[in-house]
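Notes follow once the structure below has been shown.
The values are calculated or read from the model by the stated rules, or taken from the named source; none is laboratory data. Predicted model only: the values in this text are computed from it and were never measured. Here the Cβ positions follow ideal geometry from the backbone for every residue, glycine too, while neighbour counts run over all protein chains shown.
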Amino acid sequence: MNKQKTKDLDGQQKLPRLLVRDWQKVFDAMDIGITMSDKNGCFEIFNSKMQAITGYTLEQANACGDFSRLIYPDPLEHQEALERINEIMQKPEYHEIETQIQAKDGTKKILSVSTSLINYKDQVMFLSIYQDITRRRKDEQTLEQVKDELEIQAWGLTKANVGIKDLYKELETKAREVEKLSQVKSDFISMVSHELRTPLSITKEGISLVLDKTVGEINEKQEKVLSTARSNIDRLARIIDDLLDVSKIEAGKVELKRELVDMAGLIRQITSSFELKLKEKNLELKVNIPEKQIDAYVDPDKIAQVFTNLMGNTLKFTDKGYIEISLQEKEKEIACIVADTGSGIAEEDLPKVFSKFEQFGRLPGSGAKGTGLGLAITKGIIELHGGKISVESPAWPSLPAGMQGTKFSLNLPKYTTEEIFKEYLNNGMREAMEEKVRMTLIVISITEFNKLKQEFSDEKMGAILRSMEGIIKDTLRRKGDVVLKDSGEMVVILADCNKEAASSVENRLKEALDKYLTNEKLSGEIKLRFGCAVYPDEAKNDIELIEKAKKA
């Protein structure tokens, strides 16, 4: 496995006559292997990274007499290494090779090696730089396996899939032209996301029309073939979506559209969509969620994807018993657990659970199959939110073998109302500036709030604030309008709203809240003050906007 190329130099390079020891710390700090040896194989330099790559120290490398025999134990490979050394001596040029060595612990490693001849202390020395590219080659192999799987799926489609095959061939042609794996992946994902989805949708729609007998009758055999083709299209689409999600997460291109989300309601909504599958497998669903609303500042679509992935994963590997989901609000975070009584995960596989293209416990034959990307995507989404996710197996050691299950624990950070408000406000101002529109801030304050807190119980005051918040939300007519509650103040952010429109909204809010206070016989005790400010007409930044709204 040797790929060699040379590049002519103007002659042997000369290294300044400095002691090697003076540079040792510099060499050891580098993340590449560096060696300098004479023609007899005696090393002057053998830095820390080189020791990590090979497993040998400088003393061990020099003590053996022929270090190349240690890293090339195969006689043929050792002979090739000696021939390369002779070639460098005969042709003092810059040499680059890709070679496989054996480290001290027996592992095989693929290295990129660059060698030049230099003059040091009036003798010719070999100066070599080593880079461990084993992981890169493994990733390339993994990518090739993914591409092979895509090709196999494409072969099962009808003539309508010819367009997909042509696009994929074009993708492969472009991928071969790229020198680095990261660029290969980037081009692949870009092509998939922009080119494959359209023909996939058209193909699926065409097959669906035939299956629905919209264009004419079909027999049972034709229906079976077309149904298989449509299933393969759906699977290919899922692979594309997963690859695209992973690529965006790794590239840092995922834009979170965060808002206050009722986590309890979200989890109930997700679990309800799995009721049929749970019933088919005769599994019990245990949901331990508080009755009260637990708000988290998250991207609802992304967090829904997280729980969908976790529920799908537990269903796949749980054949009897139950699946349990619990939610708990802590002081600084929101904790959630998804556990099951499935087959569990082997101890040696636990460190790889959130890695890409890793699958555990898959049985041969038909059934649900995945890409091995779901949990990697889940981890990426949670970390984008500043949270953490972990896995534990067995989850229930006391249960019989095969039912000890797996437990996924995830934690999302809690934010103060002030932190959330500032982000909402800054995002709204930025969008207003980009779209050249106005944004309005309305502040509704309860006068003498601290005094009222002494007169009313905490429970009653909390109920009043929640009721007022609900009335404001119901009164606002647009989905994009934001309501935030902070003690004795309600803050309303109106996107694309000028002063005139804001005055109309303010009047509606006054009318709705006055009606509520009158009906609850609170109008004599609770007085409200309204303030309004428009960006950028009345303020240039967030501080000015808040001050203006509170003083209005």
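Details
- Qualifying residue in the stretch 421-428 (condition: at pLDDT below 80 and of a type outside the set (Val, Ile, Thr)): no
- Residue under evaluation Asp28, criteria (1) surrounded by 12 or more Cβ atoms within 10 Å (Cβ to Cβ); (2) modelled with pLDDT of 85 or more; (3) among the acidic types (Asp, Glu), criterion not met: (2)
- Filtering the stretch 285-327 to residues that are over 30 Å from Lys422 (Cβ atoms) and assigned to a helix (DSSP H, G or I) leaves Thr308, Asn309, Leu310, Met311, Gly312, Asn313, Thr314, Leu315, Lys316.
- Cβ-Cβ distances below 7 Å connect the following pairs, each with a first residue in the stretch 426-451 that is under 20 Å from Met490 (Cβ atoms), a second residue that is among the β-branched types (Val, Ile, Thr) and part of a loop (DSSP other than H, G, I, E, B), and a separation of six or more residues or different chains: Ile446/Ile526.
- The number of residues in the stretch 261-272 being part of a helix (DSSP H, G or I) and crowded, with 17+ Cβ neighbours inside 10 Å comes to 6.
- The listed residues are Leu494, Leu509, and the only one of them that is more than 12 Å from Leu441 (Cβ to Cβ) and in contact (Cβ under 8 Å) with a residue 12 or more places away in the chain turns out to be Leu509.
- Residue selected from the stretch 26-48 under the condition part of a strand (DSSP E or B) and of a type in the set (S, T, N, Q), by the criterion farthest from the chain's Cα centre (by Cα): Ser37
- Residues that are closer than 23 Å to Tyr56 by Cβ, outside any strand (DSSP E or B), at pLDDT 85 or above and not hydroxyl-bearing (Ser, Thr, Tyr) are absent from the stretch 141-162 altogether.
- In the stretch 334-348, residue farthest from Val287 (Cα to Cα) [restricted to those that are surrounded by fewer than 17 Cβ atoms within 10 Å (Cβ to Cβ) and out of contact with any Phe, Trp or Tyr (no Cβ under 9 Å at 6 or more places or on another chain)]: Glu348
- Residue in the stretch 431-438 that is assigned by TED's automatic domain parsing to the domain that holds Ala495, buried (at least 19 other Cβ atoms within 10 Å of the Cβ), out of contact with any His (no Cβ under 8 Å at 6 or more places or on another chain) and of a type in the set (Val, Ile, Thr) present: no
- Inter-residue pairs, beta-carbon under 8 Å, first touching a residue at least 60 places away in the same chain (Cβ under 8 Å) and not assigned by TED's automatic domain parsing to the domain that holds Gly380 and in the stretch 235-253, second among the acidic types (Asp, Glu) and assigned to a helix (DSSP H, G or I), 6+ apart: Ile239/Glu149
- On inspection, Lys453 qualifies as at pLDDT below 85, more than 20 Å from Leu260 (Cβ to Cβ) and more than 32 Å from the chain's Cα centre (by Cα).
- Among residues of the stretch 458-508, those that are more than 23 Å from Lys551 (Cβ to Cβ), β-branched (Val, Ile, Thr) and in contact with a Lys or Arg (Cβ under 9 Å, 6 or more places away or on another chain), counted: 2
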